[in-house]
1. Calculate the dipole size of the chain relative to its Cα centre from +1 charges on Lys and Arg beta carbons and -1 charges on Asp and Glu beta carbons; express the result in debye to the nearest 20.
2. Out of the total accessible area of the stretch 180-310 (probe 1.4 Å, heavy atoms of protein only), what percent is carbon and sulfur?
3. Using θ = phi - 60° and the Karplus curve 6.51 cos²θ - 1.76 cosθ + 1.60, what whole-Hz ³J(HN,Hα) does each residue of the stretch 203-208 get, with Gly and Pro shown as x?
4. Under a 5 Å amide H to amide H cut-off, with H placed in plane at 1.01 Å, what residues pair with Gly291 once short-range neighbours are removed?
5. Cα-based Rg of the stretch 268-343 per 2.2 N^0.38 Å, rounded to two decimals?
6. Between Gly273, Gly75, Gly347, find the one with the highest GNM mean-square fluctuation for the chain; connect C-alpha pairs within less than 10 Å.
7. Per residue of the stretch 285-301, in order, report the coupling 6.51 cos²θ - 1.76 cosθ + 1.60 (Karplus, θ = phi - 60°) as ³J(HN,Hα) in whole Hz, putting x for Gly and Pro.
8. Quick one: which residues, 5 or more positions from Leu71 or on another chain, have an amide H under 5 Å from its amide H? H modelled 1.01 Å from N in the peptide plane, none for Pro or chain starts.
Amino acid sequence: MKQSLLTNADLKKAVKKFGSPFLIQDLSKVQNQYLQLKQALPNFRLHYAVKPLPDANVIRALKAVGASFDLAGNGEIDLVKSQGVSSDDCIHTHPIKKDSDIRYALEFGCSVFVYDNLCELKKFIPYKKNVQLLLRLSFPNPETPVDLSKKFGCTPDEAMDLLKAASELGINVVGLSFHVGSQAPSPKRHVEAIETCNDIIRQAQAEGIDLKILDIGGGFPVDYLNAEDTDIDAFCAPIREACKKLPENLELKAEPGRFIAAPCMISVSSVVGVSRRQDVPWYYVDDGVYGSYSGQIFDHVVYPKSVVSDSPLTEKCVLAGPTCDSIDILAEGINLPHLKVGDLLIGRMMGAYTSATATEFNFIPKARIISVESLEKLHEELNSQDDSVTTLEIKHKARLA
């Protein structure tokens, strides 16, 4: 049962049972997304980037299918540690860290870090016997909504100097990494980055620097327009081909985040107010851009939206969130059926950078996350005669288990 096939009757029953608003988290979809990408990149070790959806159930579900993890902070270390993840399955990829961050990761047992400048490199001098570093390169990509090379990564021309500096300091650099930007529209920039890294790896070998790892980061896209599955095998085909030109025995890594997380959650919120302003209907719902729809601001994403309503009439309208701030607008000029208090707004593809970046502005609680093994299981539960709650976990994102 796909997200789009969870019936309106199911959603109404879920609101009656759990209250509104909430996010339904499908853990079978999390695992399926991981396995699809693993099949598309069979020679890669996939490290789930925890940041888009730092959730205990998600970590457990991915651990069960053999995933590794990409960490960027102490809280993420605490999360994976609490779920029994081995430090051997983790890398720490935040290019900028406090000394205390390095020590915290090392105490956990994570020893693979990233650097992209001389200042950051020197932070590892006290720990040079215990760390392995990846040099992060910058490959700007204006085609992506979030160009991560704007903030992090050295230029390819700077790479050899930074590799030599590490060698002179006695710090072990074992590979290169990059990130071509979030939600890449094509694999073109991945391929260009792999080819450039191949050149740098061979230059380094000529200088006696043995690089054993290439981490191609993330950027694997999802379909926010239609909320349909991405043909990830076709997307990755040019990447697989480019990797054939790399030195043999090079360990390949990737850091998928959005691709795994985004399709696993749908948002359910309720209309709590109706007004007409300048002859335009306004519908106020109990979740907004300060809450689960935060990604519309932070992540530059417009989520597919639909409503559960009995009205046959449609009209262009405004969807507004529950806070007292006028920026809390989910959509303007959107054509929807006439809504009344109690009708439902459904947001899809809402697993990545939603609950993770939500706030409790106005002291309005974050939407609850209802984790289920699958949507089929939820459907069965909602339509059973037993009214007890048997979902895996129901919690506020702010209160991780």
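The values are calculated or read from the model by the stated rules, or taken from the named source; none is laboratory data. Source: prediction; values computed, not measured. Methodologically, a virtual Cβ is constructed for each residue, glycine included, from the backbone with ideal geometry; neighbour enumeration extends over all protein chains shown. With ligands, DNA and RNA removed, areas are computed over all heavy atoms of the protein, side chains included. Shrake-Rupley method; radii C 1.70, N 1.55, O 1.52, S 1.80 Å.
1. Values: 44 positive and 52 negative charges, 104 e Å.
Computed charge dipole of the chain: roughly 500 debye.
2. Values: 2530 of 5380 Å².
It is 47 percent, rounded to a whole number.
3. Going residue by residue, I get 4, 4, 4, 5, 9, x Hz, with x marking Gly and Pro.
4. Under 5 Å from the amide H of Gly291 lie the amide H atoms of Thr359, each far enough along the sequence or on another chain.
5. On the way: Rg = 11.8 Å, N = 76, 2.2 N^0.38 = 11.4 Å.
Normalised Rg, Cα atoms only: 1.03.
6. Gly75
7. So the J values, rounded to whole Hz, are 10, 8, 8, x, 6, 7, x, 5, 8, 4, x, 5, 9, 6, 10, 6, 10.
8. Long-range HN contacts for Leu71: Ile91, His92, Thr93.
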